[in-house]
Amino acid sequence: MKSAVTMTVNGAPRTAEVEPRTLLVHLLREHLNLTGTHVGCDTSNCGACTVWLDDEAVKACTVLAVQAHGHEVTTIEGIAANGDLHPMQRAFHEHHGLQCGYCTPGMIMTAIKLVEAVPAPSDEEIRRGLEGNLCRCTGYENIVAAVRAASEVRV
Amino acid sequence: MAATVEQGKGIGVAALRKEDRKFLTGRGRYVDDLKLPGMLHMAIVRSQFPHAAITGIETSAAMAMPGVTAVLTGDDLEFAAGVPCASNPTGQMVHPTRPPLAKGRVRHVGEPIAVVIAADRYTARDAADAVEVGYAELPAVLGVEAALADGAPRVHEELDSNVGLVLAHRTDGVDEAFARADVVCEATIRNQRLIHVPIETRGVVADWNPASDELVVTSSTQVPHFLRTFLAIVCGVSEAKVRAIAPDVGGGFGAKLNAYAEEFIAAAASRKVGAPVKWIEERSEAMLATCHGRAQIAHMSLAATKDGKVLGMRAHYVQDYGSYLQMLTPLISQLTFLMSPGAYAIPEVDVKVTNVYTNTVPTDALRGAGRPEATHAIERSMDMLAGELGMSRTEIRRRNFPSEFPFTSAIGLQYDSGDYGKTLDRLLELSDDRETFARRREEAAARGKLLGRGLSTWVEVCGFVPSDVARNALGLTPGGWESSTVRMHPTGKATVITGTSPHGQGHATSWSQIVETELGVPFDDVEVIHGDTAFAPYGLGTYGSRSLAVGGTAVHLAATKVRDKARLVAAQMLEASPDDLDFSGGVFAVKGSPDKRTTIQEVAFRAWQAFGMPEGVTPGLDETVFFDPPNCVFPFGAHGCEVEVDRDTGKVEITSYIAVDDCGNVVNPMIVDGQVHGGVVHGIGQALYEEAEYDSGGQLVTGTLVDYLIPSAADVPHIETHRTVTPSPTNPLGVKGIGEAGTIASTPAVVSAVCDAVGARDLDMPLQPMKVWDAIQKGGAR
Ligand code: FES
Ligand code: FES
């Protein structure tokens with residue numbers, strides 16, 4: 001009943017045997033031990049599970065592992081280059097855009113794609129762009145500030 | 001050895017957080033990230049009915065599924081005690097017993113009935129769905145009115161009625177105050193039922209070692225030490241064999257200030273099957289089975305003179321306990337009771353709380369825990385009183401603020417310090433004047449928008465709590481102290497071990513700042529350990545905005561003790577008298593000959609070598625302090641907000657929000673602001689969006705995040721934060737709490753603004769568009 005899936009994860013080829021119903025988020029967390037991608041709901045509302053599938057931010061709880069077969073997946077563990085934080089990670093740190101940290105990986109993965117799509121976003125555009133990522137700690141104030149700052153120093 | 005000490009990140013500095021990096025890079029370690037050898041997964045079979053007798057549990061189909069290790073019911077797992085409640089306000093209250101796994105009877109939808117232990121979580125869930133439970137439905141009690149009705153079915157047969165507890169306090173002159181009042185303003189004010197929704201649900205990994213009989217429980221909890229104690233009591237084992245660990249915890253807000261059935265069940269199941277057991281709550285389970293919050297109705301009446309002086313207050317609160325008592329259920333409405341007069345010097349009061357059982361999820365602490373309820377009721381009442389007197393909402397408040405501190409309320413609480421006029425003045429300075437606002441209101445009206453503004457002047461009690469008060473006034477089982485160890489290593493670095501249990505509050509950063517200030521050890525040389533009962537002296541955890549005022553003070557005192565001992569060692573090293581040493585920036589220097597000096601790091605090394613120690617001084621620099629606060633602390637503030645209501649749809653948009661808070665001295669202003677932001681948005685959620693609803697059959701309607709709306713970034717405004725500083729006399733740091741402030745303040749401020757916009761006297765939360773639109777249609781809207 002299990003099928004083999006192969007994909008590139010954070011730049012390296014990975015293979016796993018999974019049930020067809022296995023969600024991408026569980027493949028990442030349980031099979032590949034990439035636990036930075038979190039689960040916060042069962043209705044695709046919270047965005048804690050956000051990763052990039054090829055070049056798009058997706059909720060990994062709504063993608064089956066088999067759907068990612070042959071594709072490229074990037075997780076929060078894969079965005080800091082040679083130990084240097086990604087500018088978005090740095091901006092979250094510098095603007096206190098995280099408290100408990102649980103929403104943070106998904107928030108950052110969404111935010112990076114947001115500023116790629118909208119290079120100089122207004123606060124309103126940032127807020128709308130983050131609508132699918134819930135945070136219960138920060139009230140979003142400093143998350144918005146972080147995304148704004150990161151959009152100004154994009155690499 | 002270290003010599004130069006940069007005084008860069010001590011108390012008062014907006015130091016960036018040292019805990020961030022792991023979270024930013026996906027290297028946090030939350031409970032679901034933990035994998036142990038041979039670990040099995042648990043799924044829970046939950047009651048489908050609000051009240052029923054269990055007539056049978058058919059487990060064979062589940063047992064037959066490949067990968068299933070065990071299916072366990074209330075008959076299979078033995079417990080020495082039921083799920084604990086640590087609050088008994090009168091000392092006379094009967095706590096209904098609640099076995100962790102139901103035995104014969106269930107009292108709310110979602111109550112655990114059986115568990116499946118299986119090789120992976122998918123199999124465990126499938127098998128749980130294959131367990132068949134036979135129910136004989138019993139009449140259910142839903143809502144406090146039904147619970148109090150004559151002849152209502154009883155939630156607990158062992159009790160005489162559904163009333164679990166009544167608290168009352170009445171001053172002698174209250175009738176006279178009402179008799180001589182010019183106006184009496186009455187209102188019924190509701191705090192709807194809420195669900196906490198930390199983005200990480202609950203979860204636990206229980207590992208009972210059959211050989212050593214040791215139990216290690218890793219749980220997403222705010223209170224690991226309480227958990228250990230309760231695991232020992234409920235599972236009937238030696239507390240010395242139990243270790244509880246709070247790993248990284250993804251938010252709590254009171255939802256994880258508890259010792260839950262599932263934690264005991266996982267532990268007992270691990271013992272039963274002889275393997276580690278993991279349970280991770282699904283979100284829809286969290287909605288059904290993690291405690292809820294609020295669910296309180298207030299019947300308020302204020303007696304006042306025509307110039308706005310409040311002479312007396314009658315407040316009768318009815319609290320929905322839900323079906324059982326969780327760890328602190330009775331405390332919550334007790335806190336409402338204690339804070340019922342809010343920020344006002346109301347001389348005569350008649351306050352009563354009636355607490356009732358219903359066939360719903362138990363309620364317990366939710367960010368603010370009892371104080372938001374009290375604040376909302378009194379703040380709304382003050383607005384309505386202002387309306388009746390034709391007085392401004394700010395003026396009525398000002399006329400009733402206490403004039404002197406410490407101030408003792410008619411309830412008997414002593415508010416430690418305050419200056420409520422100061423935060424209100426600041427808010428008014430920051431807000432548009434009356435004319436400007438009136439002009440903007442007209443402009444908005446031309447666009448089809450109704451502009452309104454509102455405020456709240458809040459105060460709360462936090463920094464729980466002197467242990468004598470805990471026992472004698474509140475009826476709590478545990479005291480209210482906190483512990484900390486400060487340890488200098490031979491190489492000059494420091495470790496702080498704290499009894500607090502942060503889950504987003506940044507204690508690693510703030511506690512390091514305290515140590516840098518006290519000891520001159522640089523911020524980056526300090527590590528903070530928390531959340532593991534194996535390492536730490538007993539600690540009471542993080543809740544009720546207590547961590548800094550009690551736990552931070554313990555860190556300060558332990559560091560002071562280290563410094564005092566270091567002074568003795570340094571004196572020996574410098575051949576001087578301890579009194580002749582100055583200490584600053586981590587350096588001891590002989591007064592008058594500043595080149596005779598040694599650093600705290602050198603002293604730590606010497607104390608480790610321990611040769612030639614002064615008479616009576618023991619080796620090492622390692623001090624532990626237990627701090628029992630002499631009083632609670634009372635932060636306060638004034639919040640104002642402006643809303644635009646769409647006349648055609650009733651949709652509310654908050655267009656500006658200003659918070660002016662006073663939490664005494666501030667250790668890290670960045671973290672304090674962050675706490676205010678999060679709190680304010682949580683309160684906005686209550687005001688505008690959130691409500692947990694049961695249907696008439698006792699089923700939870702808001703069972704997922706599709707039906708239960710918590711605010712997203714697009715739903716909330718930019719929040720401006722400001723501060724005044726009135727130090728607390730209660731602790732040597734002069735600090736108060738800030739974690740719940742925003743939540744307490746924002747809910748009434750938002751409702752005040754919407755009522756102002758639509759010209760309503762009051763509106764029940766949440767102010768969803770339909771309700772607001774109705775209010776507009778009823779007239780009064782400008
Ligand atoms: S886990 Fe919530 S959206 Fe994926
Ligand atoms: S930081 Fe805790 S949920 Fe966002």
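Every number in this text was worked out from the coordinates using simple rules, so none of it is lab data. This is a predicted model, so every value here is computed, not measured. Cβ sites come from the backbone with ideal geometry, for glycine too, and all protein chains shown count toward neighbours.
Table for the structure above
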{"read-out": "Helical mean residue ellipticity (222 nm; -39500 (n - 2.57) per DSSP H run of 4+; nearest 500) of chain A", "value": "-8000 deg cm²/dmol"}
{"read-out": "Radius of gyration and maximum dimension Dmax of segment B:481-627, Cα, Å", "value": "15.5, 48"}
{"read-out": "Charged-residue dipole, Cβ positions (Lys, Arg, Asp, Glu), segment B:11-103 about Cα centre, Debye nearest 20", "value": "580 debye"}
{"read-out": "Order of A:Glu94, B:Glu435 - criterion: other Cβ atoms within 10 Å of each residue's Cβ, fewest first", "value": "B:Glu435, A:Glu94"}
{"read-out": "Per-residue HN-Hα couplings for segment B:121-131 [Karplus 6.51, -1.76, 1.60; θ = phi - 60°; Hz; x = Gly/Pro]", "value": "6, 5, 4, 4, 5, 4, 5, 4, 5, 8, 6"}
{"read-out": "Backbone HN-Hα couplings from phi across segment A:24-37 [Karplus 6.51/-1.76/1.60, Hz, Gly and Pro as x]", "value": "4, 4, 6, 4, 5, 6, 8, 8, 9, 6, 9, 8, x, 7"}
{"read-out": "Fraction of the pair-distance distribution of segment A:3-78 above 15 Å, Cα-Cα pairs, percent", "value": "46 percent"}
{"read-out": "Area projected by the alpha carbon convex hull of segment B:497-569, averaged over all directions, nm²", "value": "5.0 nm²"}
{"read-out": "Electrostatic dipole magnitude of the protein assembly as shown [Cβ: Lys, Arg +1; Asp, Glu -1; Cα centre; debye, to 20]", "value": "420 debye"}
{"read-out": "Whole-number Å³ per residue for the convex hull built on Cα positions in segment B:418-475", "value": "123 Å³"}
{"read-out": "Neighbour-count order for A:Cys49, B:Cys85, fewest beta carbons within 10 angstrom listed first", "value": "B:Cys85, A:Cys49"}
{"read-out": "Under Karplus coefficients 6.51, -1.76 and 1.60, residue-wise ³J(HN,Hα) of segment B:156-166 in Hz, glycine/proline x", "value": "10, 5, 6, 9, 5, 8, 7, 7, x, 6, 10"}
{"read-out": "Sorted by Cβ neighbour density within 10 Å, fewest at the top, the residues B:Asp762, B:Asp774", "value": "B:Asp774, B:Asp762"}
{"read-out": "Selection from B:Thr290, B:Ser728, B:Ala211, by position along the positive dipole direction of the protein assembly as shown (Cβ)", "value": "B:Ser728"}
{"read-out": "5 angstrom amide H check on B:Glu58, placed H, neighbours 5+ away", "value": "B:Glu132, B:Val133, B:Gly134"}
{"read-out": "Reduced Cα scattering model of segment B:297-371, Debye log10 I(q)/I(0), q = 0.13, 0.19, 0.26, 0.27 Å⁻¹", "value": "-0.44, -0.77, -1.16, -1.21"}
{"read-out": "Relative contact order (percent, whole number), chain B, Cα cutoff 8 Å, 6+ residue spacing", "value": "16 percent"}
{"read-out": "Distribution of pairwise C-alpha distances over segment A:87-152, 10 Å bins, in %", "value": "25, 64, 11"}
{"read-out": "Unit Cα scatterers, Debye sum, the protein assembly as shown: log10 I(q)/I(0) for q = 0.05, 0.08 Å⁻¹", "value": "-0.29, -0.77"}
{"read-out": "Summed side-chain charge close to B:Thr721 - residues other than B:Thr721 whose Cβ falls under 14 Å, Lys, Arg +1, Asp, Glu -1", "value": "-3"}
{"read-out": "Alpha-carbon Rg/Rh ratio, for chain B, with Rh computed the Kirkwood way", "value": "0.99"}
{"read-out": "Loop GluC sites (Glu not before Pro), segment B:618-706 (other Cβ atoms within 10 Å of the site Cβ: 15 or fewer; DSSP)", "value": "B:Glu693"}
{"read-out": "Taking segment B:481-627 and dividing mean pair separation by its residue count, relative contact order in percent (alpha carbons under 8 Å, at least six apart)", "value": "33 percent"}
{"read-out": "Under 5 Å, built H, 5+ apart or other chain: amide partners of B:Thr358", "value": "B:Tyr321, B:Gly322, B:Ser323"}
{"read-out": "Trypsin sites (Lys or Arg not before Pro) restricted to DSSP loop in segment B:568-614 with at most 13 other C-beta within 10 Å", "value": "B:Lys591"}
{"read-out": "Relative contact order %, segment A:87-152, counting alpha carbon pairs below 8 Å whose residues are six or more apart", "value": "54 percent"}
{"read-out": "Charge tally in the Cβ shell below 12 Å around B:Ala692, where Lys, Arg are +1 and Asp, Glu are -1, B:Ala692 excluded", "value": "-4"}
{"read-out": "Amide H partners (placed H, <5 Å) of B:Asn665, local residues excluded", "value": "B:Ser728, B:Val735, B:Lys736"}
{"read-out": "Estimated 222 nm signal from helices in chain B, with DSSP H stretches of n ≥ 4 weighted -39500 (n - 2.57), rounded to 500", "value": "-8000 deg cm²/dmol"}
{"read-out": "Cα gyration tensor shape for segment B:360-453, rounded if a/c is under 1.5, else prolate or oblate", "value": "oblate"}
{"read-out": "Cα-centre dipole for segment B:481-627 with unit charges at Cβ (Lys and Arg positive, Asp and Glu negative), debye to 20", "value": "100 debye"}
{"read-out": "Where Rh is the Kirkwood radius over Cα pairs, Rg/Rh for segment B:1-77", "value": "1.32"}
{"read-out": "Loop-resident sites, segment B:52-141, for GluC sites (Glu not before Pro), counting at most 13 other Cβ within 10 Å (DSSP)", "value": "B:Glu78"}
